[in-house]
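Reviewing the structure listed below.
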Amino acid sequence: MATEHEKLCKGCNEFWPADSQFWFRDARHKDKLSYTCKACCYENGMAGDYRSKKQEPAVGRLTDALASILMPLPCAGAAL
């Protein structure tokens with residue numbers, strides 16, 4: 001049974017102390033703590049997910065296309 005200073009993890013269904021040592025802070029929730037404990041987040045690869053995901057550009061960059069066209073070709077007499 002949980003005390004008033006414990007919180008139930010939705011991932012492992014265990015009670016942990018309701019502090020930042022066991023939970024990530026999340027301002028969207030009433031108690032300002034995430035729904036899953038840090039251990040479950042790390043185990044499931046969710047920790048820091050929002051920071052590590054970078055969206056790939058839908059179209060290649062214009063500079064890449066121009067570089068392939070505008071880059072000077074090596075001279076026939078130049079040593080490689």
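The values are calculated or read from the model by the stated rules, or taken from the named source; none is laboratory data. These figures come from a predicted structure and were not determined experimentally. Cβ sites come from the backbone with ideal geometry, for glycine too, and all protein chains shown count toward neighbours. Surface areas here come from the heavy atoms of the whole protein model, side chains and all, with no ligands, DNA or RNA. Shrake-Rupley method; radii C 1.70, N 1.55, O 1.52, S 1.80 Å.
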Amide H contacts under 5 Å for residue 46, placed H, 5+ residues apart: none
Added length on full extension, which subtracts the Cα-Cα distance from 0.36 nm per residue, residue 43 to residue 12: 10.1 nm
Sequence of 20, 68 when ordered by accessible area, the most exposed leading, probe 1.4 angstrom: 68, 20
Backbone HN-Hα couplings from phi across segment 28-42 [Karplus 6.51/-1.76/1.60, Hz, Gly and Pro as x]: 6, 9, 4, 8, 6, 10, 5, 7, 10, 5, 4, 4, 5, 4, 5
Simple spin-label estimate for residue 69 and residue 5 in nanometres, 7 Å along Cα-Cβ: 6.8
